[in-house]
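The values are calculated or read from the model by the stated rules, or taken from the named source; none is laboratory data. All values reported here derive from a predicted model rather than from experimental measurement. Here the Cβ positions follow ideal geometry from the backbone for every residue, glycine too, while neighbour counts run over all protein chains shown. Note: areas computed on protein heavy atoms with side chains; ligands, DNA, RNA excluded. Shrake-Rupley method; radii C 1.70, N 1.55, O 1.52, S 1.80 Å.
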Amino acid sequence: MSLLKNESILIIRYPTPTLVKGHYIQGTPSFIYALANVQPINGDELLLLPEGNRKKGTIKIYSETEIIDNDILRRVDNRYTYNIAQINTCTVDVALDSTDYTCTINGTVFTHTSIVGATILTIVAGLVSEINLGSELVTAVDNLDGTYTLTSDIKGTLFTVSVDVNQSVVLDVENITEEYKIMQDKDYSVHDIPHYKVYGFLMGT
Amino acid sequence: MAYRLNQEKEDAIYDFIVASCPSATVIWDKPNDTVERPVKPYITLNVIFGPEKIGDRGEFYYKELDTFTYKFVKKFTLSVNIYADSYYLNIMNDLINSLDLSSKLSILRLKGLAIWGKQGPNDIPEVVDTIWEQRSHLDIFMSYGETVDDIPGEIQKVELNGQIIEIP
């Protein structure tokens with residue numbers, strides 16, 4: 001996760017309520033967009049919070065835009081995301097002569113026909129070569145142990161794979177999208193942490 | 001906005017307190033308000049008890065077909081707290097006097113409110129941080145009448161089975 005990046009925040013600021021017949025009437029809020037650096041609080045700062053508030057999601061926000069007590073802050077941008085590439089491992093279970101070994105990726109069939117006297121290693125090598133010559137955005141790597149690994153060239157892009165009866169395939173790494181959310185999708189109310197002062201900081205861009 | 005009574009009655013109570021103590025800011029002390037208190041002197045109002053029906057079962061009158069009107073007398077307690085650095089007892093004295101002044105009571109009567117009595121005043125200063133905050137407290141017992149329509153239905157007709165015996 002990146003704590004050095006700034007992110008856009010929305011500051012919702014309500015004016016001082018007006019008294020009408022003894023009742024406080026909330027005015028129309030103003031909306032201010034600002035850039036801020038959002039940091040989690042550490043253990044010492046957690047202890048400064050009032051009891052009962054220590055299990056709430058609390059963050060620190062640094063910004064050149066003024067933020068005052070009773071402001072409400074909201075996240076604006078999407079969460080930062082990063083993807084993980086899908087990885088499958090295929091295993092040639094049995095070496096047969098003059099047999100078509102296939103690996104189908106995204107519907108594209110890659111075939112290697114084994115020669116007489118073929119071994120598992122030669123079959124794997126042949127399949128890896130066929131796959132890497134193809135146009136599917138998947139890279140095959142010979143593990144030199146009778147298995148070969150298929151890795152998506154584009155993180156976050158799912159691919160399908162199936163093999164013939166003389167092979168087996170397992171999913172090692174699932175294609176997933178990891179998201180880091182600095183500010184969650186909820187309203188944050190601003191409170192001063194007592195006895196805590198920020199004397200100055202450098203804001204990166 | 002949440003009203004313990006209704007807006008009309010609460011506005012009348014507010015106007016009565018303001019007319020009685022014009023030098024102080026008057027606010028309703030609602031438990032869900034998070035705003036800052038106003039500058040002193042100020043008065044907080046809170047309905048701490050009721051409104052509750054008093055007396056035996058209320059009177060009810062026939063209104064129209066199947067409909068009856070019930071008349072209740074509801075009583076409630078208004079808690080008044082005065083916060084002032086000085087002259088808080090003077091402000092309280094003005095309020096207590098108003099409980100008997102017709103010109104002030106007319107504000108309440110126009111909205112159907114009546115004052116039954118009071119308890120206090122009580123001088124209840126409290127230490128806030130390192131200084132004493134002067135406070136004076138008064139409970140005012142008030143009531144109003146309320147009519148409620150109900151439709152319990154009526155027995156329109158009764159069917160009897162029997163014989164009419166000639167009366168000698």
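Couple of notes before you dig in:
- Test: residue B:153 is outside any strand (DSSP E or B), in contact (Cβ under 8 Å) with a residue 24 or more places away in the chain and open to solvent by less than 100 Å² (accessible area, probe 1.4 Å): yes
- Subset of segment A:135-149 that is out of contact with any Phe, Trp or Tyr (no Cβ under 6 Å at 6 or more places or on another chain) and charged (D, E, K, R) - its residue that is modelled with the lowest pLDDT: A:136
- Residues in segment B:1-18 that are exposed (fewer than 15 other Cβ atoms within 10 Å of the Cβ) and either within 9 Å of chain A (Cβ to nearest Cβ) or over 14 Å from residue A:25 (Cα atoms) (or both): B:1, B:3, B:6, B:7, B:8.
- Leading residue by the ranking (surrounded by the most Cβ atoms within 10 Å (Cβ to Cβ)) among those in segment A:16-48 that are away from chain B (no Cβ under 11 Å) and in a loop (DSSP other than H, G, I, E, B): A:41
- Strands (runs of 3 or more DSSP E) fully within segment A:68-134 that include at least 3 residues being closer than 30 Å to residue A:38 by Cα and at pLDDT below 90: A:72-75, A:80-84.
- Every residue from segment B:1-24 that is in a loop (DSSP other than H, G, I, E, B) and free of Cβ contacts under 8 Å to residues at least 24 places away in the same chain: B:1, B:3, B:6, B:22
- Considering segment A:1-15, and only residues there that are in a strand (DSSP E or B) and polar (S, T, N, Q), the residue that is modelled with the lowest pLDDT turns out to be A:6.
- Residue match in segment B:86-99 (condition: among the polar types (S, T, N, Q), within 14 Å of chain A (Cβ to nearest Cβ) and closer than 23 Å to residue A:23 by Cβ): no
- Total residues in segment B:89-137, condition among the polar types (S, T, N, Q), surrounded by fewer than 17 Cβ atoms within 10 Å (Cβ to Cβ) and in contact with a Ser or Thr (Cβ under 8 Å, 6 or more places away or on another chain): 2
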